[in-house]
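Structure, as structure tokens:
The values are calculated or read from the model by the stated rules, or taken from the named source; none is laboratory data. Just so it is clear, the structure is predicted and the values come from calculations on it, not from any experiment. We place every Cβ from the backbone using ideal geometry, glycine too, and count neighbours over all the protein chains shown.
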Amino acid sequence: MGSKEIPYQHKDILFKSLTEIFSNRVLNFYDINTAPIVRAEPANLPAIKVQQKTMDFVFYLADDSYLHLEFQNGQGPKELERFLEYDVALYRKRGKPVHTYVVYAAGITQAAEVLDCGSISYCARAVYMHGYDGDSIIEDLRKKILRGDPLEELDPLKFAFLPLMKSSKSRAERAVEAVELAGKIQDKVQRAFLMGCVIAISDNFIDQAYVRKILEVLRMSKVLRALEEEAKDEGRKEGRKEALKTMAKKLLLKGMNIDEVAELTGLPKEEIRNLAR
């Protein structure tokens with residue numbers, strides 16, 4: 001979708017947050033007509049890559065099918081072709097039906113949903129964020145948080161999608177602002193959960209400078225340490241090293257040097273040098 005990925009080693013832990021945020025509430029809210037979500041799944045499977053890109057999010061559903069969810073700043077037939085390739089790869093890998101929805105950021109009010117390839121007709125349903133006033137919504141959230149009021153049922157959804165809403169600020173600026181605001185929440189579990197959701201949604205369209213700003217917010221709020229402890233407690237170590245290597249390769253391709261990649265992923269510099277060869 002965008003240019004830079006949030007490069008930290010706990011993205012697998014965010015899957016738990018994503019499964020919760022993309023519950024039946026959000027499916028109903030955006031009129032996404034699928035079976036209930038069971039869990040979020042890694043989207044960086046080796047077989048599901050197109051031109052060094054991976055799917056944004058994949059969810060396993062209660063009817064033994066998959067929901068493929070993309071977040072887009074732009075639209076066009078080439079994007080639909082890419083999503084088609086993803087879905088074919090996922091189907092070949094899992095052998096299950098795939099339902100694709102594309103959430104378009106503010107500024108896009110109409111996008112093609114069907115790619116007609118003759119015998120093959122591919123459909124990716126569109127969801128539009130243009131009608132949501134991000135400036136008004138973040139101010140309402142700010143007032144609640146600063147007063148210490150409990151968040152309402154739909155507030156976590158609003159937090160997660162703030163960077164995609166219509167706004168007087170850039171999406172990257174709004175993402176940082178949303179993470180900073182979430183960091184002021186008193187409940188540490190809810191704080192880490194909401195910060196993780198904003199980061200996961202914003203991952204693909206914020207650039208290197210804003211990556212560093214968000215990482216600094218995370219360090220100051222101790223969210224990275226909290227995620228690390230959660231990973232330790234739950235024993236979620238399987239596949240993390242491979243996920244880090246995949247992330248490091250992406251960062252190298254995007255122009256980061258070895259020292260930067262080592263700092264942001266935690267991988268040894270020698271291992272990163274080998275990946276760069």
Among the residues of the stretch 81-115, write down those that are of a type in the set (Asp, Glu) and closer than 15 Å to PHE57 by Cα. GLU85, ASP87
Among (1) in contact with a strand residue (DSSP E or B) (Cβ under 8 Å, 6 or more places away or on another chain); (2) surrounded by 14 or more Cβ atoms within 10 Å (Cβ to Cβ), PHE193 falls short only on (1)
Residues (among the aromatic types (Phe, Trp, Tyr) and in a helix (DSSP H, G or I)) located in the stretch 54-85: PHE83
Which number in (1) buried (at least 19 other Cβ atoms within 10 Å of the Cβ); (2) under 19 Å from ALA172 (Cβ atoms) marks the one condition that HIS99 misses? (2)
Collect the residues in the stretch 66-78 that are under 21 Å from TYR30 (Cβ atoms) and at pLDDT below 90, keeping them in residue-number order. LEU69, GLU70, PHE71, GLN72, ASN73, GLY74, GLN75
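Every residue, every condition in (1) within 24 Å of GLY131 (Cα to Cα); (2) touching a helix residue (DSSP H, G or I) at 6+ places or on another chain (Cβ under 8 Å), yes or no:
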residue	(1), (2)
LEU69	yes, no
GLN72	yes, yes
ARG82	no, no
ALA89	no, no
TYR101	yes, no
ALA106	yes, yes
Out of the strands (runs of 3 or more DSSP E) lying entirely within the stretch 86-146, which hold 3 or more residues that are within 17 Å of GLN72 (Cβ to Cβ)? 98-104, 125-128
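Return the residue satisfying two criteria in turn: it lies in the stretch 238-277 and is among the aliphatic types (A, V, I, L, M) and assigned to a loop (DSSP other than H, G, I, E, B), and of such residues it is modelled with the lowest pLDDT.
In this case the residue turns out to be MET256.
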Which condition does ALA175 not pass, out of (1) surrounded by 22 or more Cβ atoms within 10 Å (Cβ to Cβ); (2) modelled with pLDDT under 80, if it passes all the others? (2)
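Test VAL127 against the criterion of being surrounded by fewer than 12 Cβ atoms within 10 Å (Cβ to Cβ) and among the β-branched types (Val, Ile, Thr), and give yes or no.
It is false that VAL127 is surrounded by fewer than 12 Cβ atoms within 10 Å (Cβ to Cβ) and among the β-branched types (Val, Ile, Thr).
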Which one of the conditions (1) among the hydrophobic types (A, V, I, L, M, F, W, C); (2) surrounded by 13 or more Cβ atoms within 10 Å (Cβ to Cβ); (3) at pLDDT below 75; (4) over 30 Å from LYS144 (Cα atoms) does ALA226 fail to meet, given that it meets all the rest? (4)
